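Before any comments, here is the structure.
What follows draws every value from the coordinates through simple rules; no lab data is involved. Quick caveat: nothing in here was measured; it's all calculated off a predicted structure. Here Cβ is always computed from backbone atoms with ideal geometry, including for glycine, and neighbour counts include all displayed protein chains.
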Amino acid sequence: MIEHIEHRGELLALIIRASYAKPGISFFTDTSLSQQIGYMQHPRGKLIEPHIHKPVAREVHLTQEVLVLRKGRLRVDFYDTDQTYLYSRTLESGDLILLIKGGHGFEALEEIEMFEIKQGPYAGDEDKTRFSGISADQANE
């Protein structure tokens, strides 16, 4: 239900499958990551105390993004920071992935709908380096 995608001891991504369910609050990310992923399951009537988030200065040096696949199937190809292909995983409807480090590419295996959540503001072409990826027949799951 939860898969850690690692390479040489570094966490590249975290996949949380749609089937994950656990009562209460679960956080999947280390507190040092600039994106935090949590899951909550509460019974009817559970009160979550109103709150305001205080302004806290944070430095973000690397964009991390979350994808939530609403519909379809999506192949995710993982690359190291030298743009070398490592392996692939397939996401199904309802799956969530946090992309933490390294490179990544995608192929829609079916028509997809998904949400992307990442830090802003977006820096346009300054935000990413594009490179050639693998073909579908090279994918290694």
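Okay, here's what the table says:
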quantity	calculated
All positions within region 97-136 that are on the phi > 0 side of the Ramachandran plot and within 16 Å of the chain's Cα centre (by Cα)	GLY102
Pairs with Cβ under 6 Å, 6+ apart, first in region 92-119 and among the basic types (Lys, Arg), second assigned to a strand (DSSP E or B) and crowded, with 16+ Cβ neighbours inside 10 Å	LYS101/LEU12
Inter-residue pairs, beta-carbon under 7 Å, first among the acidic types (Asp, Glu) and in region 1-30, second not in a loop (DSSP other than H, G, I, E, B), 6+ apart	GLU3/ILE15; GLU6/LEU12
Meets criteria (among the hydroxyl-bearing types (Ser, Thr, Tyr) and more than 27 Å from SER32 (Cα to Cα)) for SER88	no
Hits in region 14-41 (condition: over 28 Å from HIS61 (Cα atoms) and not hydrophobic (A, V, I, L, M, F, W, C))	SER19, TYR20, LYS22, PRO23, GLY24, GLN41
